[in-house]
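**Q** Sharing a structure with you now.
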Amino acid sequence: MKIYRRLLLFVSFVLLLQLILPIGSVQATNLLNNPGFETRPYEGEDWDITSSNWDLATMTHSTQDVQSGAYHLNYFNDASNTATETITVTQTLKNLSAGDYTFSVDSMGGSDAKAGQVTLKANDHQSDGFTTTGYGNWEVLSFDFSIDQTEDVTITLTIDAPPGAWGYIDNVELTPATNQTPPVEADIHVEKVD
């Protein structure tokens with residue numbers, strides 16, 4: 001009887017510890033391919049990168065001052081340019097399930113007249129513009145959006161870069177909201193019984 005009582009006490013203690021001590025947080029799965037630009041984004045089908053003027057506004061795959069990993073994308077609009085140029089980075093996800101999502105990116109870049117403005121967009125949902133604030137000031141830019149039905153979703157980072165503007169983007173994420181329970185398909189037939 002003593003052994004049974006000790007075993008019961010031990011099991012109760014272990015269960016109590018599990019309730020008291022936090023168990024590691026569950027991290028949402030990033031739905032994007034090559035989110036940190038670790039493989040060359042120009043080769044392959046992950047990212048589509050465009051510039052309104054490739055001669056003066058460029059986007060490069062760089063290892064200088066990365067936020068995490070070994071690479072990020074670096075944008076620059078030549079100071080000799082007289083126009084603000086637009087650079088876009090897009091990826092399309094097929095058949096994204098209805099639900100709530102968070103779209104985010106780490107961004108750092110010039111300040112004042114050399115600041116880039118980054119806008120996040122998912123289909124028709126768009127964030128306010130985020131302005132870079134200077135060298136070394138990495139910030140996480142994010143916004144939440146919802147889709148009502150399963151559909152293809154194109155996420156877009158739009159960078160408006162005035163003459164002399166520069167910056168970096170890294171760690172692009174599209175994650176389901178953490179409070180979202182994925183729908184479960186059920187093959188149930190309900191019949192009214194009189």
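The values are calculated or read from the model by the stated rules, or taken from the named source; none is laboratory data. These figures come from a predicted structure and were not determined experimentally. Note that we place each Cβ from the backbone using ideal geometry, even for glycine, and neighbour counts take in every protein chain shown. Areas reflect the complete protein model, heavy atoms only, side chains present, ligands, DNA and RNA absent. Shrake-Rupley method; radii C 1.70, N 1.55, O 1.52, S 1.80 Å.
**Q** Whether any residue in the range 80-92 is open to solvent by less than 20 Å² (accessible area, probe 1.4 Å), of a type in the set (D, E, K, R) and either assigned to a strand (DSSP E or B) or at positive phi (or both) is what I want to check.
**A** Start the filter on the range 80-92 by keeping residues that are open to solvent by less than 20 Å² (accessible area, probe 1.4 Å), which leaves 81, 85, 87, 89, 91.
Adding the requirement that they be of a type in the set (D, E, K, R) leaves 85.
Still in the list and also either assigned to a strand (DSSP E or B) or at positive phi (or both): 85.
Yes, the range 80-92 contains a residue that is open to solvent by less than 20 Å² (accessible area, probe 1.4 Å), of a type in the set (D, E, K, R) and either assigned to a strand (DSSP E or B) or at positive phi (or both).
**Q** Keeping to the range 58-74, report how many residues are hydrophobic (A, V, I, L, M, F, W, C) and either open to solvent by 60 Å² or more (accessible area, probe 1.4 Å) or more than 15 Å from Asp106 (Cα to Cα) (or both).
**A** The qualifying residues number 1.
**Q** Still on this structure: I need the full set of residues from the range 35-76 which are more than 16 Å from Leu157 (Cα to Cα) and among the polar types (S, T, N, Q), in order please. Walk me through how you get there before you give the answer.
**A** Residues of the range 35-76 more than 16 Å from Leu157 (Cα to Cα): 38-40, 43-45, 53-56, 62-71.
Scanning the range 35-76 gives Thr39, Asn53, Ser62, Thr63, Gln64, Gln67, Ser68.
**Q** Could you check how many residues of the range 124-149 are exposed (fewer than 15 other Cβ atoms within 10 Å of the Cβ), among the acidic types (Asp, Glu) and in a strand (DSSP E or B)?
**A** Summing the residues that are exposed (fewer than 15 other Cβ atoms within 10 Å of the Cβ), among the acidic types (Asp, Glu) and in a strand (DSSP E or B) in the range 124-149 gives 1.
**Q** Right, Ala161: of a type outside the set (S, T, N, Q), touching a Phe, Trp or Tyr at 6+ places or on another chain (Cβ under 8 Å) and closer than 16 Å to Trp47 by Cβ or not?
**A** Here the answer is no, as Ala161 does not meet what is asked.
**Q** Now for a separate question. Would you mind stating whether Asp55 is closer than 16 Å to Lys114 by Cβ, at pLDDT below 90 and surrounded by fewer than 16 Cβ atoms within 10 Å (Cβ to Cβ)? I'd like the intermediate steps shown before the answer.
**A** Working: closer than 16 Å to Lys114 by Cβ: no; at pLDDT below 90: yes; surrounded by fewer than 16 Cβ atoms within 10 Å (Cβ to Cβ): yes.
No; evaluated as a whole, the condition is false for this residue.
**Q** Count, please, the residues in the range 150-171 that happen to be in a loop (DSSP other than H, G, I, E, B) and open to solvent by less than 10 Å² (accessible area, probe 1.4 Å).
**A** The number of residues fulfilling the criteria is 2.
**Q** Moving to a separate point now. Can you tell me which condition Val14 does not meet? The list is (1) modelled with pLDDT under 75; (2) open to solvent by less than 60 Å² (accessible area, probe 1.4 Å); (3) of a type outside the set (D, E, K, R); (4) within 18 Å of Asp170 (Cα to Cα), and all the others hold.
**A** Here Val14 clears every test but (4).
**Q** Let me ask something additional. Among all residue pairs at least 6 apart or on different chains, which show Cβ distances below 6 Å where the first residue, located in the range 117-141, is under 16 Å from Ser104 (Cβ atoms) and the second is among the aromatic types (Phe, Trp, Tyr)?
**A** Val118/Phe130; Leu120/Phe103; Leu120/Phe143; Ala122/Phe103; Ala122/Phe145; His125/Phe145; Ser127/Phe143; Leu141/Phe130
**Q** Return a yes/no flag: does the range 99-108 have any residue that is of a type in the set (A, V, I, L, M, F, W, C), under 19 Å from Thr154 (Cβ atoms) and in contact (Cβ under 8 Å) with a residue 12 or more places away in the chain. First the steps, then the outcome.
**A** Filtering the range 99-108 down to residues of a type in the set (A, V, I, L, M, F, W, C) leaves 103, 105, 108.
Still in the running and under 19 Å from Thr154 (Cβ atoms): 103, 105.
Filter once more, so that each one left must be in contact (Cβ under 8 Å) with a residue 12 or more places away in the chain: 103, 105.
Yes, the range 99-108 contains at least one residue that is of a type in the set (A, V, I, L, M, F, W, C), under 19 Å from Thr154 (Cβ atoms) and in contact (Cβ under 8 Å) with a residue 12 or more places away in the chain.
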